[in-house]
1. Can you tell which of Arg285, Arg232 is in a helix (DSSP H, G or I), of a type in the set (D, E, K, R) and more than 30 Å from Ala131 (Cβ to Cβ)?
2. Name the residue that is modelled with the highest pLDDT, counting only residues in segment 150-164 that are of a type in the set (Val, Ile, Thr) and open to solvent by less than 10 Å² (accessible area, probe 1.4 Å).
3. Starting from segment 263-284, take each residue that is at pLDDT below 85 and list its partners that are surrounded by 16 or more Cβ atoms within 10 Å (Cβ to Cβ), counting only C-beta distances under 6 angstrom and pairs at least six apart or across chains.
4. Among the listed residues Phe235, Phe306, identify the single one that is outside the structural domain of Met100 (by the TED database), at pLDDT 90 or above, surrounded by 16 or more Cβ atoms within 10 Å (Cβ to Cβ) and within 30 Å of Tyr190 (Cα to Cα).
5. Would you confirm whether any residue within segment 51-63 is outside any helix (DSSP H, G or I) and at pLDDT 85 or above?
6. Of all the residues that make up segment 72-129, how many are farther than 16 Å from Lys61 by Cβ, not aromatic (Phe, Trp, Tyr) and not in a helix (DSSP H, G or I)?
7. For segment 177-201, name all the residues that are open to solvent by less than 40 Å² (accessible area, probe 1.4 Å), within 30 Å of Tyr117 (Cα to Cα) and outside any loop (DSSP other than H, G, I, E, B).
Amino acid sequence: MENGIKESPVGLNKNGALAILPTPLVSEGHKNHKSVLNSLTSGALAGAVAKTAVAPLDRTKIIFQVSSNRFSAKEAYRLIYRTYMNDGFLSLWRGNSATMVRVIPYAAIQFCAHEQYKKLLGSYYGFQGSALTPIPRLLAGALAGTTATLLTYPLDLVRARMAVTQKEMYSNIIHVFMRMSREEGLKSLYRGFTPTVLGVIPYAGISFFTYETLKKLHAEHSGRTQPYTFERLLFGACAGLFGQSSSYPLDVVRRRMQTAGVTGHTYGSIIGTMQEIVAEEGFIRGLYKGLSMNWVKGPVAVGISFTTFDLTQILLKKLQQISHIQR
């Protein structure tokens, strides 16, 4: 019931008359706790499934981003093929364990934070219980991405290092942390942090904004509150396409700064890194290197991520309802 009470066995009131004695149901705090737990679980699963699905393409993109080699679809295919022939099929997923260590908490925090920011902003702007207007919707996504990045950044850096190096250099995640701390200092664990945050604000903001907006428009025009699975995938693909395209140059910059210790470069600032990339490789070929691959990888990953999150949320809520009814 909405009033938070349920009927209990009949008892006597203070006048001696028969009365139904109310007992408290689940408190609002407990409901919110379950909501947060559901968001964390759904977000973690969404991130893991999406990133594993596109891991070979993601690794290939990173290798091109941190090198001066010219990118093309043909060269990307050759790199994937050579990696497969020289190191085996599973080598295409090298660094994916580090990706999972990073993406599971990142996605869990990001999706959970987004749900909480939506509630917070909805309450602040007076939209509690209804869809947010465009500006708060954009702000909720940007805040969610920033929060997740602040809490998980070193794991992203480790993943990038493992993606561009051979097994002989870094044997596992712990080895990366120890060797970087010893050889490059503790500050190196946050190298590239500023462009990452600057990039994640438009990326997360536009991604969540696009997905939420498309779902809202769909509900208004179709009369269905829940889109079909293929529609969710399509909405997520659009969200990934717009979000990643908006912040791609900063993604290239952060990868260069993250891997500077193993590529021989000394990138010191965002502007300096951009200038060096443009001077060596050109504006489009340098700052947008690998973007065409991202137009394949990004929409697929984001589409899977948003869809997995939504469907897992729905499943967990149904399971909780069934569990509550059976009690």
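1. Numbers: Arg232 fails: more than 30 Å from Ala131 (Cβ to Cβ).
Result of the check over Arg285, Arg232: Arg285.
2. So in segment 150-164, the residues of a type in the set (Val, Ile, Thr) come out as 152, 158, 164.
With open to solvent by less than 10 Å² (accessible area, probe 1.4 Å) added as a condition, the list becomes 152, 158.
Values: Thr152: 90, Val158: 81.
For segment 150-164, the residue satisfying everything is Thr152.
3. Correct list of pairs: Thr263/Val66; Tyr267/Arg256; Tyr267/Met257; Tyr267/Ala260; Tyr267/Thr273.
4. Values: Phe235 fails: within 30 Å of Tyr190 (Cα to Cα).
After applying the criteria, what remains is Phe306.
5. Step one: of segment 51-63, the residues outside any helix (DSSP H, G or I) are 54.
Going one step further and asking which of them are at pLDDT 85 or above, we end up with 54.
Among the residues of segment 51-63, at least one is outside any helix (DSSP H, G or I) and at pLDDT 85 or above, which makes the answer yes.
6. Summing the residues that are farther than 16 Å from Lys61 by Cβ, not aromatic (Phe, Trp, Tyr) and not in a helix (DSSP H, G or I) in segment 72-129 gives 4.
7. Leu189, Pro195, Thr196, Val197, Gly199, Val200 - these are the residues of segment 177-201 that are open to solvent by less than 40 Å² (accessible area, probe 1.4 Å), within 30 Å of Tyr117 (Cα to Cα) and outside any loop (DSSP other than H, G, I, E, B).
The values are calculated or read from the model by the stated rules, or taken from the named source; none is laboratory data. What you are looking at is a predicted structure, and each value in this text was computed from that prediction instead of being measured. Quick reminder, even Gly has a Cβ in these numbers, built from the backbone with ideal geometry, and neighbours come from all protein chains shown. Please note that ligands, DNA and RNA were not included when accessible areas were found on the heavy atoms of the full protein model with its side chains. Shrake-Rupley method; radii C 1.70, N 1.55, O 1.52, S 1.80 Å.
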